[in-house]
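Notes follow once the structure below has been shown.
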Amino acid sequence: MATKTLKSSKAIRRFAMVIDAKKCINCKACVVACKAENQVPLGVFRNWIDEEASGEYPNLRMSFDPEQCHHCADPSCVRVCPTGASWQRKDGIVLVNDDDCIGCKYCIIACPYNARYHNPETHTVGKCTFCSHRVDRGEVPACVETCPSKVRVFGDLHDPKSHLHQLLATRRYEVKNPQTGNGPQLYYLL
Amino acid sequence: MREPVWEFLIVNYLFLGGLSAGLYFASALATWIQEDGRSAYPRIARWGALLAPWPVSLGSALLILDLGKPFRFWKIFFHFRWRSPMSIGSWLLLAFTFLSIAYLWAWLDQEERYSLQARIPEKLRTRIPARVQRWLDLDASAWRRNLAMVGFPIAVGVGIYTGVLLGAVQARPFWNTNLVAQMFLFSALSSGTAALVVARLLDREPVELKEMRFLYSMDITLIVLELFIVLPYLIHGELSSLAVKQALAQVLGGPFTIVFWMLFMGVGLLLPLTIELFEFKPVILGKGTFHIQPRWALTAGGLVLFGGYMLRYIFVFAGQATGFR
Ligand code: SF4
Ligand code: SF4
């Protein structure tokens, strides 16, 4: 399992995201920003907000949970892919190499977080890339940049100076369904 | 719940792949068992050999058509991913398909082989290199038993693979148990046997009593084994963690309950078992004489095939609706 512990000094980076879901107001700016940034086709999504109502009238409570690919430490989508089109960068970002994807959809089925979709235009598989093209330029993912209530914090787990690292060092958090064994890397603050 | 991304093409593929594995297995067994120095059930063995290559070929074609990018399917064979069941399975299927074609060739008579070759257009036939021609002229019947032996593990592997493809996905608790592979294997072998019952009864040459005895005892054993896997699958699942219990609800009160209990367990498993046991009673009890009632035997065979299809249908669709939540 991936942890937030620091590996040797100038270790490889390990990108992850902290989500402060309590601040989410369900404005879906992140969903729109992702669609625009990555030209995600109509009808499919790389990120979304899970809405859950709880309690009994009149003490109702609505909670919003931003969801997307968890860029797992041990991603089952990568394991099952028969061509190696699904792969993981050294910094943890899980990607699909479009040219090698045969569209067998095995990875869609094997992802416990339902984070992948069949792209109706290319007939290959798509998913959140953590905006790797932006990250490689030193920027943060589009959803992080756009969120008006600062729900999302993106950063390097191995960098003790990062905001993400400090949040995880001082706040309590959980990951979703760790029993999948995938080692999800979206940290939800409690 | 998300929409299923694997649908009927995959159901058909799993069924047809398993059917071929079963046909090969039953035929190989019939070849392997000897009586007075030759195979004891030559008609069964031959029918199995003649039928085995086709379902799996059709199934693989369907699988390729189901890909988002069918013209890229060859990429599977250029990236060997040993942790991906689909990668291993594709190699296995390829080997099995070639083997079953070789086995079919070995079970053809000399004249049949010649007449098949005579159908190749003259221009092409004269171009066949002498070395290949010598191979084609070889009397392959001596190879039948060897091919049968080599084929046992491969056919069993294909049967298991159809289950492992689903069972190795830890994200879907309905599949992710250590019983699915065996369930699919025994169901596959049973479908193959049932298909031979049907083939042999529709054959022009009347079926012999000892052949029916062979097929019946095999099919009864396989169905019983399958039952002994389906029941623990349900019981163990009910005693398992919440995710598995929730997944099993698909067939225990959920949308697939009726299909599972009526069409699979009832019509597809217990009914043919009852018919076969009833027919086979004289042999089991050692009392009375064993007759063949073609109508009953055909019904039982057809139902087994139907049950095998239902099992795949339920697993492919119900499994995708399950997850951790
Ligand atoms: S969340 Fe799903 S798609 Fe993302 S890395 Fe994990 S298994 Fe793969
Ligand atoms: S759909 Fe593409 S990325 Fe997914 S498992 Fe198949 S080949 Fe790999």
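Worth pointing out:
- Cα centroid separation, the stretch A:119-167 to the stretch A:56-117: 14 Å.
- Across chain A, Cα pairs under 8 Å and at least six residues apart give a relative contact order of 32 percent.
- For chain A, the equivalent ellipsoid derived from the alpha-carbon gyration tensor has semi-axes of 25, 22, 16 Å in decreasing order.
- Summary value for chain B: 23 percent relative contact order, contacts being C-alpha pairs under 8 angstrom separated by 6+ residues.
- Using just its DSSP H runs of length 4 or more, each adding -39500 (n - 2.57), chain A gives a mean residue ellipticity at 222 nm of -4500 deg cm²/dmol after division by all residues.
- Mean per-residue shielding of peptide B:64-75 is 5, counting Cβ atoms of other chains within 10 Å of each Cβ.
- Placing unit charges on the Cβ atoms of the charged side chains and taking the dipole of the protein assembly as shown about its Cα centre, the candidate lying farthest along the positive direction among A:165, B:308, B:40 is A:165.
- Sorting B:177-184, A:23-30 by average packing, meaning the other beta carbons within 10 Å per residue, from highest down gives B:177-184, A:23-30.
- The H on the amide N of residue A:117, modeled in the peptide plane, is under 5 Å from the matching H of A:126, each at least 5 residues off or on a different chain.
- Selection from B:193, B:84, B:216 lying farthest towards where the dipole of the protein assembly as shown points positive, charges on Cβ: B:84
- Charge dipole (debye, nearest 20) of the stretch B:8-320; +1 at Cβ of Lys and Arg, -1 at Cβ of Asp and Glu: 900 debye
- The protein assembly as shown, dipole about Cα centre (Lys/Arg Cβ +1, Asp/Glu Cβ -1), debye to the nearest 20: 1260 debye
- Loop-located chymotrypsin sites (Phe, Trp or Tyr not before Pro) in the stretch B:232-271, at most 11 other Cβ atoms within 10 Å (DSSP): none
- Ranking B:289, B:19, B:93 by Cα position along the charge dipole of the stretch B:8-320, where only Lys, Arg, Asp and Glu carry charges on their C-beta atoms, puts B:93 farthest toward the positive end.
- Residues considered: B:288, B:151, B:301. Largest GNM mean-square fluctuation over chain B, using C-alpha springs under 10 Å, is found at B:288.
- At least 27 Å along the helix axis (C-alpha) and Kyte average at least 0.0, DSSP helices within chain B: B:8-32, B:85-107, B:144-167, B:180-202, B:209-238, B:294-320
- Between the exposed loop cleavage positions of chain B, defined as GluC sites (Glu not before Pro) in a non-H, G, I, E, B DSSP state with at most 16 neighbouring beta-carbon atoms within 10 angstrom, the longest gap is B:8-207.
- Semi-axes of the equivalent ellipsoid of the stretch B:8-320 are 34, 28, 15 Å, computed as sqrt(5λ) over the eigenvalues of the C-alpha gyration tensor in descending order.
- Across the stretch B:206-270, Cα-Cα pairs farther apart than 14 Å form 68% of the total.
- Intensity falloff of the stretch B:164-267 expressed as log10 I(q)/I(0), Debye formula with alpha-carbon point scatterers, at q = 0.12, 0.15 Å⁻¹: -0.51, -0.71
- Where chymotrypsin sites (Phe, Trp or Tyr not before Pro) fall in DSSP loop in the stretch B:1-98, at most 14 other Cβ within 10 Å: B:80, B:82
- Two-decimal log10 I(q)/I(0) for the protein assembly as shown, as the Debye equation yields it once each C-alpha is a single scatterer, q = 0.12 Å⁻¹: -1.09
- Under-5 Å amide H pairs with residue A:97, H placed in peptide plane, nonlocal only: A:86, A:87
- Loop-resident sites, the stretch B:193-247, for trypsin sites (Lys or Arg not before Pro), counting at most 13 other Cβ within 10 Å (DSSP): B:204
None of the figures in this text is laboratory data; all of them are computed from the coordinates on show. What you are looking at is a predicted structure, and each value in this text was computed from that prediction instead of being measured. Ideal geometry is used to build each Cβ from the backbone, glycine not excepted, and the neighbour counts take in all protein chains shown.
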